[in-house]
Structures are given as C-alpha cells and as structure tokens.
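Every number in this text was worked out from the coordinates using simple rules, so none of it is lab data. Everything quoted here is computed from the prediction, not taken from an experiment. As a convention, Cβ positions derive from the backbone with ideal geometry for all residues, glycine included, and neighbour counts pool all protein chains shown.
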Amino acid sequence: MTNNDESTILLVNFGERLLLRDQGAKVRLALSRRLTESPPDSLIYVSFDGVSEITPSFVDEALGRLLLELGTETFRRRVRLRATDQRARSLVTRVLAHRAADWESRGRR
C-alpha cells in the first residue's frame, strides 16, 4: 500500500475508483499509521496516480478528517499530495479548504 523509499501512499492500491467513505477511512488509517511511525519532521506523500475516479465523500473521509485530526498546520507541514489529474486536484483542494475553514472557525490552527 505504500512505497517505503519515498514514504508514499499509493491510493491506487486501495482501488482505481475511490468512491466510498469506507475506502477513505482505510486510507486515513494507513496515513495516520505512517505519520505516527515516521519522525515528526518527515513528509508523507499521497499519490493519486492510477486512480480513475474519486468522490468528495472519499476525499473528505480520507484527507478532510485527517486534516481535522492533525490540525491544518501539521497537515500542511507533513502531508504532500501528488495529483496529476486537474479534476482530482480541484476536488481535493475544495474539500480540504472546506475542512480547514471548519478547523479554523473553531479557533484552532
């Protein structure tokens, strides 16, 4: 599920079509585990290569909830997204912006 040489989570290993919150929860758990096992200053990359379809529900469950767990500063410092598809990049940006606004509206950073 990961490429240990680069600390990359390959989403395609969870499916080519990532549509459901259940799939997102599995990805979030893998990311959380990797972040916990890695030094606090290390980066974790999330690769969308090979993924043909994603939904807002999947992205919110996988990445949006991770952002809420970590906080926006830690998420931005530790997680890097590799999405070459413009639609995927736009969707992820939109979902994460919404979750970051939720986080910050609660007075957190």
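A few comments on the model shown:
- Remark: relative contact order (the chain) = 29 percent; criterion is Cα-Cα distance under 8 angstrom and separation of 6 or more residues.
- Sorting Asp60, Asp85, Asp49 from the fewest to the most surrounding beta carbons within 10 angstrom yields Asp49, Asp85, Asp60.
- Taking every DSSP bridge with both residues inside the stretch 2-105, close to 20 percent are antiparallel.
- The amide H of Thr8, built 1.01 Å from its N in the peptide plane, has Asn3, Tyr45 as neighbours under 5 Å, considering only residues 5 or more places off or on other chains.
- Convex hull volume per residue in cubic angstrom - Cα atoms of the chain: 86
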